[in-house]
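The block underneath contains the structure these notes are about, expressed in structure tokens.
The values are calculated or read from the model by the stated rules, or taken from the named source; none is laboratory data. These figures come from a predicted structure and were not determined experimentally. As a convention, Cβ positions derive from the backbone with ideal geometry for all residues, glycine included, and neighbour counts pool all protein chains shown.
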Amino acid sequence: MRLLFAKDRGQRVPVRVWGRAISAETEAQLQRIASQPYVVEHVAAMADAHVSDGVAVGTVFATEDAVVPAALGGDLGCGMSALKLTAGLLKG
């Protein structure tokens, strides 16, 4: 975990990142959510954090007296795939 930026960059709470690199656009979305009056403690960005509509995918934060439906993300399940598997014994 690394501290991306502390409270002194205009946001109310610090942002912590559990990843090696994030884009400038993702960083801006993280800072924007960390500036909201209902966000408490800190904002966390998971290793898969990337830009999305409104709130970056991979963003985790606690709120006080608020629910943020947009935080669910516009690309829920991105990177997922479905495979049909057959049951039975493997032949070797």
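Taking the criterion of being without any contact (Cβ under 8 Å) to a residue 24 or more places away in the chain and within 14 Å of the chain's Cα centre (by Cα), would at least one residue in segment 31-48 satisfy it?
Quick first cut of segment 31-48, residues without any contact (Cβ under 8 Å) to a residue 24 or more places away in the chain only: 32.
Applying the additional criterion that residues be within 14 Å of the chain's Cα centre (by Cα) yields 32.
Within segment 31-48, one or more residues are without any contact (Cβ under 8 Å) to a residue 24 or more places away in the chain and within 14 Å of the chain's Cα centre (by Cα).
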Pick from segment 11-35, criterion farther than 18 Å from Gly54 by Cα and among the small types (Gly, Ala, Ser), ranking: surrounded by the most Cβ atoms within 10 Å (Cβ to Cβ): Gly19
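So, Ala62, is that one aliphatic (A, V, I, L, M), at pLDDT 75 or above and assigned to a helix (DSSP H, G or I) or not?
Details: aliphatic (A, V, I, L, M): yes; at pLDDT 75 or above: yes; assigned to a helix (DSSP H, G or I): no.
Considered against the rule, which asks whether it is aliphatic (A, V, I, L, M), at pLDDT 75 or above and assigned to a helix (DSSP H, G or I), Ala62 comes out as no.
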So Gly73, is it at pLDDT below 85 and crowded, with 16+ Cβ neighbours inside 10 Å: yes
